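*Asks:* The structure follows.
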Amino acid sequence: MKRLPLRVRFWAAAVLLGASGAGLAADIPPVQRRSGFEDMSRESQAMQRDDTANPGMLWVLEGETLWAEKAGAAGRACADCHGDARTSMRAVAARYPAYASEQGRPVDLEGRINLCRTTRQNAPPLPREGREMLALSAFVAHQSRGLPITVGDDPRLEPFRARGEALFRQRQGQLNLSCAQCHDDRWGQRLAGAVIPQGHPTGYPLYRLEWQSLGSLERRLRNCLIGVRAEPFAPGSPEAVDLELYLMSRARGMPVETPAVRP
């Protein structure tokens, strides 16, 4: 019998999953939380562990160069304000998205980088999925590698976190699926032959073998929304940041892996 194309098999599996998911999703107990790293092959795990083999380190190294590069009408570099990133940026990415007073709401790490560019360097914002933004965010996040995620300490974040959780549990798209139906209720099972992870954003930006490139969490969220045939969030939109805030708070205490490698 001829094997069905992957997109057809995914659609059929997703429809069955949606049809069987009438109940409410259950939170994953903290003792059962696991990174997507644990679902990878030994070869992919070894690639992430070895900085000389991890492709994401190429972006980290480029970000280190950009950190010291003067930009904008102000002629200032990130290092002019923040000094040595190994100390000034340590644990910073582990607490983002964070509340930005100038915005009156949380911003993600990419949003903070662009705020610094526009207000401190008098430079245009970087495209959110552009190579320079990925390099800078990977370099900053890399300074928190191995440290626990601490998002959620600021009480001003709570209404935004709650909105992100509502989005996580909301059925969306033509396939009528929620994030929670896959990543809370069916993690460890298989969908179209791939292991369903718990969906913890511990390693972004990360190198995805499918992309053959580094990518942000927003890119991954867009892929998921397109997969269930829903309208993707606009880049940097409040919905995208609120969902990221919930996902990071859901992973609170887990170590940062940036730059992670994923299939």
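*Asks:* Kindly provide the set of residues from segment 222-232 that are in contact (Cβ under 8 Å) with a residue 12 or more places away in the chain and either open to solvent by less than 40 Å² (accessible area, probe 1.4 Å) or β-branched (V, I, T) (or both), ordered by number.
*Replies:* Within segment 222-232, L225, G227, V228, A230 qualify.
*Asks:* When you look at R219, is it touching a residue at least 12 places away in the same chain (Cβ under 8 Å), crowded, with 17+ Cβ neighbours inside 10 Å, within 22 Å of A98 (Cβ to Cβ) and not hydrophobic (A, V, I, L, M, F, W, C), yes or no?
*Replies:* Criteria met by R219.
*Asks:* Something else about it: If you go through segment 129-178 one residue at a time, how many are under 30 Å from L58 (Cβ atoms) and polar (S, T, N, Q)?
*Replies:* Count: 4.
*Asks:* To continue, here is another question. Look at M133 and say whether it is among the aliphatic types (A, V, I, L, M) and either at positive phi or out of contact with any Leu (no Cβ under 9 Å at 6 or more places or on another chain) (or both).
*Replies:* No: the conditions fail for M133.
*Asks:* Only helices (runs of 4 or more DSSP H) wholly contained in segment 1-75 count here; list those with 1 or more residues that are surrounded by 14 or more Cβ atoms within 10 Å (Cβ to Cβ), among the charged types (D, E, K, R) and modelled with pLDDT under 50.
*Replies:* 6-19
*Asks:* Related question: Considering (1) part of a loop (DSSP other than H, G, I, E, B); (2) closer than 27 Å to L61 by Cα; (3) touching a residue at least 40 places away in the same chain (Cβ under 8 Å), say which one E244 fails and leave the rest.
*Replies:* (1)
*Asks:* To continue, here is another question. For segment 86-103, what are the residues that are part of a helix (DSSP H, G or I) and of a type in the set (D, E, K, R)?
*Replies:* R86, R95
*Asks:* Mind listing whichever residues of segment 83-103 are within 14 Å of F139 (Cα to Cα) and open to solvent by 80 Å² or more (accessible area, probe 1.4 Å)?
*Replies:* Those that are within 14 Å of F139 (Cα to Cα) and open to solvent by 80 Å² or more (accessible area, probe 1.4 Å): R86, T87, R90.
The values are calculated or read from the model by the stated rules, or taken from the named source; none is laboratory data. These numbers were taken from a predicted model, which means no experiment stands behind them. A quick note on method: Cβ atoms are made from the backbone with ideal geometry, for glycine too, and the neighbour counts reach across all protein chains shown. To get the accessible areas, we keep the full protein, side chains included, count just its heavy atoms, and leave off ligands, DNA and RNA. Shrake-Rupley method; radii C 1.70, N 1.55, O 1.52, S 1.80 Å.
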